[in-house]
1. Quick check on SER94: is it away from the ligand (no atom under 16 Å from the Cβ), exposed (fewer than 14 other Cβ atoms within 10 Å of the Cβ) and of a type outside the set (Phe, Trp, Tyr)?
2. Considering the stretch 53-70 alone, what residues qualify as being more than 23 Å from LYS8 (Cβ to Cβ) and under 12 Å from the mean Cα position of the chain (by Cα)?
3. Could you tell me which residue of the stretch 121-171 is surrounded by the fewest Cβ atoms within 10 Å (Cβ to Cβ), considering only residues that are among the polar types (S, T, N, Q) and assigned to a helix (DSSP H, G or I)?
4. Among PRO191, PRO182, which is the only one that is within 16 Å of the ligand (Cβ to nearest atom) and modelled with pLDDT under 95?
5. Need pairs with beta-carbon distance below 8 Å; first residue touching a residue at least 40 places away in the same chain (Cβ under 8 Å) and within the stretch 33-49, second surrounded by fewer than 20 Cβ atoms within 10 Å (Cβ to Cβ) and of a type in the set (S, T, N, Q); sequence gap 6+ or separate chains.
6. Does ASP23 qualify as being away from the ligand (no atom under 16 Å from the Cβ), over 20 Å from HIS117 (Cα atoms) and assigned to a helix (DSSP H, G or I)?
7. Under 24 Å from PRO56 (Cα atoms) and assigned to a strand (DSSP E or B), is that true of GLY103?
8. If the Cβ limit is 9 Å and pairs must be 6+ apart or interchain, which residue in the stretch 135-154 that is under 14 Å from LEU48 (Cα atoms) pairs with which residue that is within 11 Å of the ligand (Cβ to nearest atom) and among the hydroxyl-bearing types (Ser, Thr, Tyr)?
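The values are calculated or read from the model by the stated rules, or taken from the named source; none is laboratory data. Computed from a predicted model, the values in this text were never measured in an experiment. A quick note on method: Cβ atoms are made from the backbone with ideal geometry, for glycine too, and the neighbour counts reach across all protein chains shown.
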Amino acid sequence: MTVQSILKMGNPILRRVADPIEDPTSDEVRALVADMRDSLKAVGGVGLAAPQIGVPLALVIFEVPAARAQAADGEEAEGVASTVLINPVVEPLSDETALDWEGCLSVPDLRGVVPRHTHIRYSGVDLDGNKVSVEADGFHARVVQHECDHLHGILYPQRMTDMRYLVYEEEMEAFMDSLRGPAEDPAETQPDEE
Ligand code: NI
């Protein structure tokens, strides 16, 4: 298990489509997940995709801390324990989208407001080769969409629809103070790294 450095926007591995994993139960895949967990823990964040540590394979890890869990309607939701998702597919369950702040370990020091589907189903396999199919909404759905985008070479700024809401962390407080009213405030919560 090794803490790997995290690639940053511009690295070609972050721009390519990840390859599917043929044997999710292999020792190599377990070792990859161990490295990813160590690497994520070292920097702090809620999710990581394998390409972010330089491995162009279709695997993401994520968790939703109880304190950050929020349903699409803004109500409290249950957290999601540390999850490994291999060869994931994300399917929107409605046309509804919502805006909220995101950050990314591959785009350090910045935050942006990103539209995401509020209700999705994601499927794939786990480390034991078992099929996974989960319906998710709210923050859980956002995290999964963000991580799975990495497997298609997409970073969150490419999903943004209003680049005025791309902000340096150190300017966040001033930026939020400058918003005139709730109608211009796309999100009240503070973002996490993903
Ligand atoms: Ni990210």
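1. On the way: away from the ligand (no atom under 16 Å from the Cβ): yes; exposed (fewer than 14 other Cβ atoms within 10 Å of the Cβ): yes; of a type outside the set (Phe, Trp, Tyr): yes.
Judged against the criteria, SER94 is a match.
2. Here is the first cut: in the stretch 53-70, the ones more than 23 Å from LYS8 (Cβ to Cβ) are 64-70.
Once the filter is applied, which keeps residues that are more than 23 Å from LYS8 (Cβ to Cβ) and under 12 Å from the mean Cα position of the chain (by Cα), the stretch 53-70 yields only VAL64.
3. Start the filter on the stretch 121-171 by keeping residues that are among the polar types (S, T, N, Q), which leaves 123, 130, 133, 145, 158, 161.
From what's left, assigned to a helix (DSSP H, G or I): 145, 158.
Numbers: GLN145: 23, GLN158: 11.
The qualifying residue surrounded by the fewest Cβ atoms within 10 Å (Cβ to Cβ) is GLN158.
4. On the way: PRO182 fails: within 16 Å of the ligand (Cβ to nearest atom).
None of the other options fit; the residue is PRO191.
5. That search, which allows pairs on different chains as well, returns ARG37/SER82.
6. Working: away from the ligand (no atom under 16 Å from the Cβ): yes; over 20 Å from HIS117 (Cα atoms): yes; assigned to a helix (DSSP H, G or I): no.
So ASP23 fails the test.
7. Working: under 24 Å from PRO56 (Cα atoms): yes; assigned to a strand (DSSP E or B): yes.
It is true that GLY103 is under 24 Å from PRO56 (Cα atoms) and assigned to a strand (DSSP E or B).
8. Between residues of the stretch 135-154 that are under 14 Å from LEU48 (Cα atoms) and residues that are within 11 Å of the ligand (Cβ to nearest atom) and among the hydroxyl-bearing types (Ser, Thr, Tyr), the close pairs are HIS146/TYR156; ASP149/TYR156; HIS150/SER106.
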